[in-house]
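Q: Once you've had a glance at the structure underneath, I'll fire off some questions.
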Amino acid sequence: MIGVGAVPSVAVGQRALLIRSPSGNVLWDCVGYLDDDLAAEIEELGGISAIAVSHPHFYGVMTEWGRAFDVPVYVHAADRDWVARPDPVIEYWTGDTHEIAPGMTLINAGTHFAGGTVLHWADDPEGRGALFSGDIFMVVMDRRWVSFMYSIPNFIPERPSTIRRALELVEPFAFERIYGAFWGRVVSADGAAAVRRSAERYLRFVTDNSS
């Protein structure tokens, strides 16, 4: 995997990830900047066969990325109304999961946004699975944990029923690492267990009726 970012940062400071795979490179999320030099460098790394975007905060210049590499940009249909500039390169998918390449599956976790998406890579180089979460599952400062926010800037927590659904959807997928939306935000080990225990801790606090 290769991180793709901009200095100074643009948008919310996110970085994209170029996932290099024998079946074709996939760009996970979009940094909000693209120029000819960056496009040429990515072409030297094997180009892009598909782009997948986790949620509307990263839509920005996704159509420009799709056009530049002539590839589909996968967006969950539940967030279609957030697409400000419709374009034929955007492919809307529906349902809970969608395989975009061998071993690469989009999962509609539905946290943060109704179409909030994470990407599971079964065939990562370590052979233990990886989850690309953006901030659908937010990797926090203590990188053994994640959190679940409906609105991150307004500190509005996600609904318990939504988190329970997300847990059920990711449960069948094995993954050791979790790659968040920002530089350095990586759960490096025990990723699937980190999601479970994070959700259990979260739900314990937001559903506690003992007081």
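Q: So, counting K/R as plus one and D/E as minus one, what does the shell of residues with Cβ under 12 Å around Ala122 add up to?
A: Result for the neighbourhood of Ala122: -4.
Q: How big is the gap, in Å, between the Cα center of segment 136-172 and the Cα center of segment 40-61?
A: 24 Å
Q: Still on this structure, I have one more. Output the DSSP H helices from the chain with an along-axis C-alpha extent of no less than 15 Å and a mean Kyte-Doolittle hydropathy no less than -1.0.
A: Answer set is 160-170, 191-206.
Q: What's the FRET efficiency of Arg85 with Val12 using the Cβ-Cβ distance as r and R₀ = 22 Å, to the nearest 0.05?
A: So the FRET efficiency works out to roughly 0.70.
Q: So, one more: In deg cm²/dmol and to the nearest 500, what is the mean residue ellipticity at 222 nm of the chain if only DSSP H runs of at least 4 residues count, each as -39500 (n - 2.57), divided by the residue total?
A: -6500 deg cm²/dmol
Q: Sticking with this structure for a sec: Of the accessible area of the chain, with the probe set at 1.4 angstrom, what percent is carbon plus sulfur?
A: Accessible surface attributable to carbon and sulfur in the chain totals 51 percent.
Q: Mind checking the per residue accessible area of the chain for me, 1.4 Å probe, whole number of Å²?
A: 48 Å²
Q: Compute the length gained on full extension between Tyr92 and Asp35: take 0.36 nm times their separation in residues and subtract their Cα-Cα distance, giving the result in nm to one decimal.
A: Once the chain is fully extended between Tyr92 and Asp35, it gains 17.9 nm.
Q: In a shell of Cβ-Cβ distance under 10 Å around Arg177, excluding Arg177 itself, what net charge do Lys and Arg (+1) and Asp and Glu (-1) give?
A: Computed value for this residue: -3.
Q: How large is Rg over Rh for segment 68-211, taking Rg from the Cα atoms and Rh as the Kirkwood inverse mean of 1/r across Cα pairs?
A: 0.98
Q: Between Thr207, Leu38, Gly103, whose Cα lies farthest towards the positive end of the dipole of the chain when Lys and Arg beta carbons carry +1 and Asp and Glu beta carbons carry -1, centred on the Cα centre?
A: Thr207
Q: Mind giving me the FRET efficiency for Ser151 and Glu171? R0 is 30 Å, r the Cβ-Cβ distance, nearest 0.05 is fine.
A: For R0 = 30 Å, the calculated efficiency reads 0.70.
Q: Taking Rh as the Kirkwood radius computed over C-alpha pairs, what is the Stokes-Einstein D of segment 121-186 at 4 °C in a medium of viscosity 1.567 mPa s, expressed in µm² per second?
A: 102 µm²/s
Q: Right, something else. Taking every pair of distinct Cα atoms and averaging 1/r, then inverting, what Kirkwood hydrodynamic radius in Å comes out for segment 1-156?
A: Mean inverse Cα-Cα distance, inverted, gives 15.8 Å.
Q: On to the next question. If we count every other residue with Cβ under 13 angstrom of Ser151's Cβ, Lys/Arg +1 and Asp/Glu -1, where does the sum land?
A: Charge balance in the 13 Å sphere: -1.
Q: Among Met104, Met1, Met149, what's the order by accessible area (1.4 angstrom probe), most exposed first?
A: Met1, Met149, Met104
Q: Using a 10 Å cut-off on Cβ atoms, rank the peptides 139-146, 5-12, 57-64 from the highest mean neighbour count down.
A: 57-64, 139-146, 5-12
The values are calculated or read from the model by the stated rules, or taken from the named source; none is laboratory data. Fair warning: this is a prediction, and the values are worked out from it, not measured in the lab. Cβ coordinates were reconstructed from backbone atoms using ideal geometry, including for glycine residues, and neighbour counts include every protein chain displayed. Side chains included, ligands, DNA and RNA excluded: accessible areas come from the protein's heavy atoms. Shrake-Rupley method; radii C 1.70, N 1.55, O 1.52, S 1.80 Å.
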